[in-house]
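Some notes on the structure that comes next.
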Number of protein chains: 2
Amino acid sequence: MKDKLPTIKEIARQLNVSISTVSRALHDHPGIGLRTKMRVQQLARQLEYEPNQTAIFFKQRKTFTIGVVLPNLGEEFFSQAINGIEEIATQNKYSVLIGQSKDDVARERQIVTTMKNNRIDGLIVSLSKNTTTYDHFTALKKFNIPVVFFDRVPTSPDFNKVYSNMNSGTREAIEFLIDKGHRRIGVINGPDQMRSSRERTETYKQVLIARRLKIDLRLVTSTDLTKEGTQRAMQHLLSQRPKPTAILVINDYIALDAIQYAKQQKLKINKDICFVSYANLPITHYLETPPMASVEQFPYKQGAKAAEVLMQLMANDNKKEEPGSFLNIVINGQLIVHSRR
Amino acid sequence: MKDKLPTIKEIARQLNVSISTVSRALHDHPGIGLRTKMRVQQLARQLEYEPNQTAIFFKQRKTFTIGVVLPNLGEEFFSQAINGIEEIATQNKYSVLIGQSKDDVARERQIVTTMKNNRIDGLIVSLSKNTTTYDHFTALKKFNIPVVFFDRVPTSPDFNKVYSNMNSGTREAIEFLIDKGHRRIGVINGPDQMRSSRERTETYKQVLIARRLKIDLRLVTSTDLTKEGTQRAMQHLLSQRPKPTAILVINDYIALDAIQYAKQQKLKINKDICFVSYANLPITHYLETPPMASVEQFPYKQGAKAAEVLMQLMANDNKKEEPGSFLNIVINGQLIVHSRR
DNA sequence: CTATTTCACGCAATCGTTTGCATAACGCAC
DNA sequence: GTGCGTTATGCAAACGATTGCGTGAAATAG
């Protein structure tokens, strides 16, 4: 019922040997006699001795802990990602410290500082929506704390990144629709500042050009991600003549709003109008009228991959990494078709 | 470009004062002259000195870190819970270390041990499905590391717990159905060992007795939570005569499977048969045929509350807590009606 | 001018563990 | 009995910060 965990010192006292002997005995050091080794190990078991990691961390300047900073655990994408991160970290005997930025830059900075002071060995980050400066991360690099970004990554090339390339998925999606006979394909993007929105538009144009279809930019619109914004976007698209027969939507949630609106307008889903979106949420299996297909972004895999990369970087900490060599890992999105009709 | 963070010692060296003076100056200790204090603080800022928490933790035997062990971050319920936990922890300047047991007891024990060795100040746990012994947790109590369980809590009364009481929600749900005119109400429980299953059955009986309705225990069945198990459960219920007109289902996901099955049997949802379930997933808003109502369990709130309780317990660590006094906090589930038809 | 208080700072121990180096005890050969 | 190589163990420093106690110098009182 004592409130102190047993220490190496306590074992030493009880056996009347020195601290260093105990330490070595527990590490199976060759220079320790068999008898002593046995006695130490037995008493250690008996006292349920466990080394005090905080002391070891402190001494070794290594905590076997990685930090993860992401916007919001409440979002399926991020909780799946951290699921993957935790899995890999555990396999490598690392612990995981988490922080949510809640898309607030000040909070993000605060978390990073705290984690730095806690001497994490490495950091995985998905940026807050509003982060535009990266000095709080470059500060870490100076102290050999490697950083890997995933999903929401900085634009600058001077960082390690893992992210999904939606281009191939977008390409697949549009070609899928064209192959189904669609000629007027609408797009609902997210806010303009999102890189993914610009890329989507770009790929859209490329594919249409490659397939020698007419590009009508009135069919490319955006939503602020609110339900109302999505309704306005749909209203805009459906007022075009001729109407689009298919719409590519930024993600499944927004697609559901869009589908709801279309239904209210008495359109038959997958007949009058088709939807393809991104994320591939598990719930789509339960929907009567799911998007026809969606582009899976593999959040678990992205998280796991980011963690693997970080493990590598941490292992290489001794070798001076050549400056200017940053990993850039792209996970291709993949079109998952839900409904062939 | 040096790879060592500045230390108090470095500041002392540069200013030619002692380490203790620097420490005190940084803490605004009264015994330090104004001049010295200013010089120290200025140099500290200039070097971007930040205290090495691992050293402080080690010395103070306090890490300002709490551990969270739960089955699976991939599940919405748990990711929302940890969202709440992280929020409260951050407010109190605590960091959060997470571990997923993946419903594996051995893994759970391993995580708890690691966290203990990392000298967490407190622990929040939602038990793995198969945990039946609690010695890995009682071990923590001996060392004054308080533990709070949430949602999946031990049966023993000797622990602090936060969990949702589904009884009132269940009562509301059944009364809601009775008020709608239903007289034959089925139940699909989870596996028998789940406490919630037994409680649900109990409340079911109580309400029916109170309302003077006949109890037919053939209408109470269970699923192993697989889709097939749920189909068997539905098959069983629908083969009863007279058929139930409403079914209470253990959670929304299972309800969706059940609804799918009912549709396949050409039953009209909310007409031939109604469903009420638990969890209140956001997706139900998008379903054409959602459960008629579901009992919200407030995972964010449960997590936040568990964290608050833990903070209190950690603050009380000095005062000997009277043995045998354990907190038992119940968060009442609440019926959310989706469809009034 | 001396005695006493106050001020400003330094010394050293401490937390638990690791690890290079020193050293005692022993055996063995000569 | 002396010398030397093993073998088994201990000593002490180090990691970074905190803190009780001691002390020199300056300031004040007498």
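Rounded to the nearest 20 debye, what is the charge dipole size of region B:8-51 about its Cα centre when +1 sits on each Lys and Arg Cβ and -1 on each Asp and Glu Cβ?
In total the dipole reaches around 200 debye.
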>> Among A:Thr54, A:Thr63, A:Thr131, which one shows the highest mean-square fluctuation when chain A is modelled as a Gaussian network with alpha-carbon springs under 10 Å?
In response: A:Thr54
>> Tell me the total accessible area that A and B bury against each other, 1.4 angstrom probe, in square angstrom rounded to 100.
In response: 5200 Å²
>> Whole percent per 10 Å bin, from 0 to the bin with the longest distance: what is P(r) over all C-alpha pairs of region A:175-332?
In response: 10, 35, 29, 14, 9, 4, 0
> What are the semi-axes of the equivalent ellipsoid of region A:48-106, taken as the square roots of 5 times the eigenvalues of the Cα gyration tensor, listed largest first and rounded to whole Å?
Replying inline: 27, 15, 9
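With N set to the number of residues, divide the alpha-carbon radius of gyration of region B:1-122 by 2.2 N^0.38 Å and report two decimals.
1.47
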> Distance in nm between label sites at B:Ile56 and A:Glu50, each 7 Å beyond Cα in the beta-carbon direction?
Replying inline: 2.5 nm
> Using a simple charge model, +1 on the beta-carbon of Lys and Arg, -1 on the beta-carbon of Asp and Glu, nothing else, what dipole does chain B show about its Cα centre, in debye to the nearest 20?
Replying inline: 220 debye
> Which loop GluC sites (Glu not before Pro) in region B:6-79, with loop taken from DSSP, have no more than 12 other Cβ atoms within 10 angstrom of their Cβ?
Replying inline: B:Glu48
> Tell me, what ³J(HN,Hα) does each residue in region B:154-162 have, in order and in whole Hz, if you take phi through Karplus 6.51 cos²θ - 1.76 cosθ + 1.60 with θ = phi - 60° and put x for Gly and Pro?
Replying inline: x, 6, 4, x, 7, 9, 7, 9, 10
> Quick one: in chain A, what % of C-alpha pairs are over 33 Å apart?
Replying inline: 45 percent
>> Positive end of the dipole of region A:227-341, charges at C-beta (+1 Lys, Arg; -1 Asp, Glu), about the Cα centre: which of A:Leu327, A:Ser239, A:Ile259 has its Cα farthest in that direction?
In response: A:Ser239
>> Explain nothing, just the number: relative contact order of chain A, from Cα pairs under 8 Å at least 6 residues apart, as a whole percent.
In response: 18 percent
> What nm distance separates the two modelled labels at A:Asn332 and A:Met38, each placed 7 Å from Cα along Cα→Cβ?
Replying inline: 6.2 nm
> With the dipole of chain B worked out from charges on the C-beta (+1 for Lys and Arg, -1 for Asp and Glu) around the Cα centre, which of B:Ile66, B:Thr54, B:Ala44 lies farthest toward the positive end?
Replying inline: B:Ile66
> With springs only between Cα atoms under 10 Å, which of B:Thr284, B:Thr90, B:Thr36 fluctuates most in a Gaussian network model of chain B?
Replying inline: B:Thr36
>> I'd like to check one number: the per residue accessible area of chain A, probe 1.4 Å, reported in Å² as a whole number.
In response: 48 Å²
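Roughly speaking, what is the stretch gain from A:Asn117 to A:His285, that is 0.36 nm per residue apart minus the C-alpha to C-alpha distance, in nm to one decimal?
Working it through step by step, the gained length comes to 56.0 nm.
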> If you plug each phi of region A:27-36 into the Karplus form 6.51 cos²θ - 1.76 cosθ + 1.60 with θ = phi - 60°, what whole-Hz ³J(HN,Hα) values come out, in order, with x for Gly and Pro?
Replying inline: 9, 6, 5, x, x, 10, x, 4, 4, 4
> Per-residue accessible area for B:Lys102 at 1.4 Å probe radius, Å² rounded to 10?
Replying inline: 70 Å²
> Hey, with R₀ at 45 Å, roughly what FRET efficiency would B:Glu202 and B:Lys266 work out to, going by the Cβ-Cβ distance, to 0.05?
Replying inline: 0.85
>> Compute a Gaussian network model of chain B, connecting alpha carbons closer than 10 Å, and tell me which residue from B:Val17, B:Val125, B:Val69 fluctuates the most.
In response: B:Val17
>> Amide H of A:Arg183 versus every other amide H placed in the peptide plane: which residues, excluding those fewer than 5 positions away on the same chain, fall under 5 Å?
In response: A:Thr245
> What part of the accessible area of region A:118-274, given as a whole %, is carbon or sulfur when the probe is 1.4 angstrom?
Replying inline: 48 percent
> Debye sum, Cα scatterers, the protein assembly as shown, no solvent: what log₁₀ I/I(0) at q = 0.05, 0.11 1/Å?
Replying inline: -0.30, -1.23
> Hey, which lysines would be in cross-link range of A:Lys271, C-alpha to C-alpha under 30 Å, not counting anything within fewer than 8 residues on its own chain?
Replying inline: A:Lys180, A:Lys205, A:Lys214, A:Lys227, A:Lys243, A:Lys263, B:Lys227, B:Lys263, B:Lys266, B:Lys268, B:Lys271
>> Can you tell me the orientation of helix B:227-238 relative to chain B, as the angle in degrees between its alpha-carbon axis and the longest Cα principal axis, to the nearest 10?
In response: 30 degrees
> Among the lysines, which have Cα under 16 Å from the Cα of B:Lys141 when same-chain residues fewer than 8 positions away are ignored?
Replying inline: A:Lys2, A:Lys4, B:Lys62, B:Lys116, B:Lys161, B:Lys319, B:Lys320
> What does the charge dipole of the protein assembly as shown about its Cα centre add up to, to the nearest 20 debye, if the Cβ of each Lys and Arg holds +1 and the Cβ of each Asp and Glu holds -1?
Replying inline: 40 debye
>> Calculate the FRET efficiency for A:Arg232 and B:Lys227 from the Cβ-Cβ distance with a Förster distance of 41 Å, rounded to the nearest 0.05.
In response: 0.60
>> Test of understanding: what is the full-extension gain from B:Arg212 to B:Lys243, defined as 0.36 nm times their sequence separation minus their Cα-Cα distance?
In response: 9.2 nm
> Measuring from label point to label point, each 7 Å out along Cα→Cβ, what is the A:Ala315 to B:Ser18 span in nm?
Replying inline: 4.8 nm
> What's the center-to-center distance, using Cα atoms, between region B:125-161 and region B:166-227 in Å?
Replying inline: 29 Å
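The values are calculated or read from the model by the stated rules, or taken from the named source; none is laboratory data. Note that the coordinates shown come from a computational prediction; the quantities given were computed from them, not determined experimentally. Positions of Cβ are generated from backbone atoms using ideal geometry, with glycine treated the same way; all protein chains shown enter the neighbour counts. Accessible surface is based on the protein model in full, side chains and every heavy atom, while ligands, DNA and RNA are left aside. Shrake-Rupley method; radii C 1.70, N 1.55, O 1.52, S 1.80 Å.
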